[in-house]
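Structure, as structure tokens:
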Amino acid sequence: MTVHLTHWGTFEAVSDGERLTEVRPWRGDPEPLPLIGNVASAQHHPARIAQPHVRKGWLDHGPGAPDRAAKGRGGEPFVPVTWDTALDLLSGELRRVYRDYGAEAVYGGSYGWASAGRFHHAQSQVHRFLNCLGGYVRHVNSYSLGTSTVLLPYVIADVNVLLTQATAKSVVAGHSELVVAFGGLSPKNAAVSPGGVSRHNARGWMSAARARGCRFVSVSPIRDDTPAEAQAEWIAPRPGTDAALMLALAQVLDADGLADTGFLDRYTVGYPRFARYLRGDADGVVKDPPWAEAITGVPAARIRELAHEMAAARTLVTVSWSLQRARHGEQPLWLGVVLAAMLGQIGLPGGGFGHGYGSAALVGEPEPQVGLPRLPQGRNAVSTYIPVARIADMLLNPGAGYDYNGQRLTYPDIRLVYWCGGNPFHHHQDLARLREAFTRPQTVVVHDPFWTATARHADIVLPVTMTIERDDYGAGQNDRMFFPMRALTRPHGEARDDYTIFADLAERLGVGKDFTEGRTAMDWLRYLYEQWLGELAEQGRAVPGFEEFWASDGLELPVASEPQVAFADFRADPEGHPLTTPTGKIEIFSATIDGYRYPDCPGHPVWREPGEWLGSPAAERFGLQLVANQPRSRLHSQLDVGAHSQSVKIAGREPVRMHPSDAQARGLRDGDLVRIFNDRGACLAGLSVDGAVRPGVIQLSTGAWYDPDPADPRFCRHGNPNVLTADLPSSSLSQGCTGQLALVEVEAYRGTPPELSVTRPPATA
Ligand code: PGD
């Protein structure tokens, strides 16, 4: 049995050199996931790419003018070619674009989670390669945390502090009396972490807390966003209205004299100004529970009681990452901090504020005391960047100006897009618009193991290995196990590692030595490990030599002896350990944000109606709120063809959950094939009637591979919710992704169900 790491867990496997013949969870994992079953079943699936391909129109006519690309990209057949042909064509094209347009014309942002593994980390590889050529336009922030990353440094701390130094789950289990979880504490999300997870602990800490008498309140439109172990009270506001609920909780604390004024005076700035807004001094509207009931649908009496319960107990306020992935996503996040500050428990064990206990495994884990080996990416000579979710805007509007985080930026004119380790036709919103945007560049290059929708929209497609087909090592963020990941099988077909591909291209482009420094992949693994070992030795820490590590089943990294309590230092000594915010304190009012004068994100948290919610005029035509959340049966779109992911499909389509009353009103039954639609697009899905979703809400997870109807790319035959979501930013401040919510309507699908094509390879010429 050989140990192997994925973003969603660790497994042990036996292989016959070609495929995995046995897979079982790593013996150290107390809560293993069935997702590990996707790996072996996907490896040799027909949707795997076996050799390099070039789009026929690109091969025949060269880099495309927009009109030719519009017809061809995503529609034309591919021509299988040899590696030599593909690499010759691609190196020639890179040479041409860098020569004629410069590095500012290359988008190498390449967002995506790719796979576990430190060395073969796809984004590190592509960035290092493009830096050798002179650089590339990059992205900043992530689809996961685009809004938090920008907002939180103004309000309390860098987002990474909130993630990696969050109060330990063991401390919450041992001290909290009440956990109020806005966005829930989803065990499916808390089971994954960038880079990997060893010992899952998405449920155990809640059982322990509950056994001690801690109460959980889960605020979410979906009941099972918090697991049964928490025995949580379920409060289900209208999606997108959490900020109104939180304001009313704050108003009760303020009006009933429950706010901790001592804490507010010593550790925060701006409360008086915010309080005036709560009291209605600014706009004549008191943000009290009856006001919030009208917006959220949550009874005013329960809001009032909950505020009193929060003030009377050791309370942790936690906000999920999903809440900020929406229009005005800054507001509930900021209000989570404000509520915790008003309760005065920030810095106390089991109290205060948390961000993402139900969003990723890393939150609340003890922070390892050492870093990890890392491939240097070199220096990017291009300073231009975009906030990651502005990709379609950038491609569609070269030269246009836009606001971001206090700056006025300009979109570059991109001629070549290089994607390695991500799936924008999974992760971006309004896919028909993205498809239009993808007609603009002259050339699109994609490396992926699979024929994802992104690969199908490329001109040059290069097949890469899965982690089980190459040597690497890896550890998850904030995870204490560091695993060797020895290759378990030989590569599928002619797939090559990203590193090998870039090394060949670099050689052809005259920068081979810069890229490889004369090392093979195995040389790099050894070299980076030994460098790391040397750094640790200087800190007086000993780890085994490379050979011993490589032959082992993993290395336990040192963590602090005491589990952490977030912001305990700041609480103990706010002058000696100030925050990194502009004032060194928690900013309930931010003079800096206020100074930007963004109408969609003023200087303190507020309620702003999103364009699409159950209270907006659009709901008259599209009466259901779609929650497009993270899937349970796979990570994002990864290995959607795998056995576990396929096992949950209904009639071969992604399952959509709907409340029984909504199904009845539409004459729909469990198992029906349905069409979900709005003005942006439509998709098919298989109906699951389920009382775990709030009336008025449907839940369709992301990640079903986009399978556009050839006659209408706005229609996905498989169930990708991003044909329905809007390509709008959270605000001008953070320009974060807002894929979480959209208004839609649902009807029975009539007629013969169209066949899926995305699980087969595309047509070849
Ligand atoms: P993945 O499916 O993980 O999605 O978006 P992301 O693009 O990260 O894509 C990774 C791709 O990398 C896969 O195609 C995989 O096959 C490929 N890959 C794996 N290993 C390798 C490798 O070694 N080399 C190469 N070249 N490729 C590899 C995720 C994004 O989606 C995220 S993080 C979030 S949080 C967003 N969430 C939502 C949401 O909540 N709602 C909506 N509507 N949309 C979202 N999109 C975002």
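Values quoted throughout were computed directly from the atomic coordinates according to the rules given, and no laboratory measurement underlies them. The structure presented is a predicted model; accordingly, all values stated were derived computationally and were not measured. Note that we place each Cβ from the backbone using ideal geometry, even for glycine, and neighbour counts take in every protein chain shown.
Order these by the 10 Å Cβ neighbour count, fewest first: L5, L462. Write down the numbers at each step before the final one.
Numbers: L5 29, L462 26.
Neighbour counts put them in this order, fewest first: L462, L5.
Straight-line reach from K71: which lysines have Cα under 30 Å away, leaving out those fewer than 8 places along the same chain?
Cross-link targets: K56.
³J(HN,Hα) across the range 357-367 via Karplus (A = 6.51, B = -1.76, C = 1.60, θ = phi - 60°), whole Hz, x for Gly/Pro?
Whole-Hz 3J(HN,Hα) from phi for the range 357-367: 4, x, 10, 7, 5, 5, 6, x, 8, x, 6.
What does the helix-only formula give at 222 nm for the chain: each DSSP H stretch with n ≥ 4 adding -39500 (n - 2.57), the total divided by the residues, and the result rounded to the nearest 500 deg cm²/dmol?
-8500 deg cm²/dmol
List the Cys residues of the chain that have no partner Cys with a C-beta closer than 4.7 Å.
For the chain, the answer is C132, C214, C420, C601, C737, because their Cβ atoms have no other cysteine Cβ under 4.7 Å.
Would you mind pulling out the separation of the Cα centroids of the range 1-70 and the range 228-244, in Å?
Result: 36 Å between the Cα centres.
Before anything else, pin down the relative contact order of the range 651-765: Cα pairs under 8 Å, at least 6 apart, normalised by residue count, whole percent. Don't jump to the answer; show the numbers that get you there.
Values: 225 pairs, mean separation 32.5, N = 115.
Across the range 651-765, relative contact order equals 28 percent.
With contacts defined as alpha carbon pairs under 8 Å and 6 or more residues apart, what's the relative contact order of the chain in percent? Intermediate values should be presented prior to the final figure.
On the way: 1866 pairs, mean separation 161.0, N = 765.
Relative contact order here is 21 percent.
At q = 0.12, 0.14, 0.17 Å⁻¹, what is the base-10 log of I(q)/I(0) for the range 99-235 according to the Debye formula with one equal point scatterer per Cα and no solvent? Please give it to two decimals.
Normalising to I(0) and taking log10 leaves -0.67, -0.83, -1.05.
Which order do peptides 676-687, 279-290, 99-110 fall in by mean Cβ count within 10 Å, highest first?
Taking the mean over residues of other Cβ atoms within 10 Å, the ranking is 676-687, 99-110, 279-290.
Lysines within cross-link reach of K649: Cα-Cα under 25 Å, excluding same-chain residues under 8 positions apart?
By straight Cα distance, K649 reaches K188.
For the range 465-563, which trypsin sites (Lys or Arg not before Pro) are in a loop by DSSP, counting at most 13 other Cβ atoms within 10 Å?
On the way: sites: R470, R480, R486, R496, R508, K513, R519, R526, R541; in loops: R470, R480, R486, R519, R541.
For trypsin sites (Lys or Arg not before Pro) across the range 465-563 that sit outside H, G, I, E and B with at most 13 neighbouring Cβ atoms in 10 Å, the list reads R541.
Just order 728-737, 159-168, 368-377, 180-189 by mean Cβ neighbour count inside 10 Å, highest at the front, would you? Please list the in-between numbers first.
Values: 728-737: 25.0, 159-168: 21.6, 368-377: 15.3, 180-189: 26.6.
In descending order of packing, they fall as 180-189, 728-737, 159-168, 368-377.
Identify all aspartates and glutamates with a Cα-Cα distance to K169 below 18 Å; exclude those on the same chain that are fewer than 8 residues away in sequence.
Cα-Cα hits under 18 Å: D29, E31, E177, D225, E229, E365, E367, D479, E562.
Remind me, relative contact order of the range 277-384 in percent, using alpha carbon pairs under 8 angstrom and six or more residues apart? Don't skip to the answer; put the middle values down first.
Values: 92 pairs, mean separation 20.2, N = 108.
RCO, the range 277-384: 19 percent.
Would you list K169, K649 from fewest to most Cβ contacts within 10 Å?
Details: K169 24, K649 18.
Exposure proxy ranking, most exposed first: K649, K169.
To check you understand DSSP bridge types, tell me what percent of the beta bridges within the chain (both residues inside) are antiparallel, rounded to 5. Could the numbers behind the result be given before it?
Values: 46 of 91 bridges.
Within the chain, antiparallel bridges account for around 50 percent of the total.
Would you please name the trypsin sites (Lys or Arg not before Pro) within the range 701-765 that are DSSP coil residues with at most 11 other C-beta atoms within 10 Å of their C-beta? All intermediate terms of the calculation are to be shown ahead of the outcome.
Working: sites: R714, R717, R750; in loops: R717, R750.
Hits after loop and neighbour filter: R750.
Output ³J(HN,Hα) for the range 645-650: one whole-Hz value per residue in order, computed from phi by the Karplus curve 6.51 cos²θ - 1.76 cosθ + 1.60 with θ = phi - 60°, and x for Gly and Pro.
Whole-Hz 3J(HN,Hα) from phi for the range 645-650: 4, 5, 5, 9, 5, 10.
Less than 12 Å from a label point 7 Å out along the Cα-to-Cβ axis of V648: which backbone N atoms in the range 19-46 qualify, by residue?
34-36, by backbone N distance to the label point.
Which of D670, D727 comes first, and how do the rest follow, when ranked by fewest Cβ neighbours within 10 Å?
Values: D670 13, D727 23.
Going from least to most buried by this count: D670, D727.
Sorted by packing (mean other beta-carbon atoms within 10 Å per residue), highest first, where do 323-332, 236-245 land? It would help to have the intermediate numbers written out before the result.
Details: 323-332: 28.2, 236-245: 25.7.
Top of the packing list down: 323-332, 236-245.
Can you compute 3J(HN,Hα) from phi for each residue in the range 162-176, using the Karplus curve 6.51 cos²θ - 1.76 cosθ + 1.60 with θ = phi - 60°, rounded to whole Hz and x for Gly and Pro?
So the Karplus estimates, Gly and Pro as x, are 5, 8, 8, 10, 4, 3, 4, 4, 5, 6, 4, 4, x, 10, 5 Hz.
Return the loop-located GluC sites (Glu not before Pro) in the range 533-604 (DSSP other than H, G, I, E, B) with at most 15 other Cβ atoms within 10 Å of their own Cβ; answer none if there are none. It would help to have the intermediate numbers written out before the result.
Details: sites: E535, E538, E547, E548, E556, E575, E587; in loops: E575.
Sites meeting the loop and neighbour criteria: E575.
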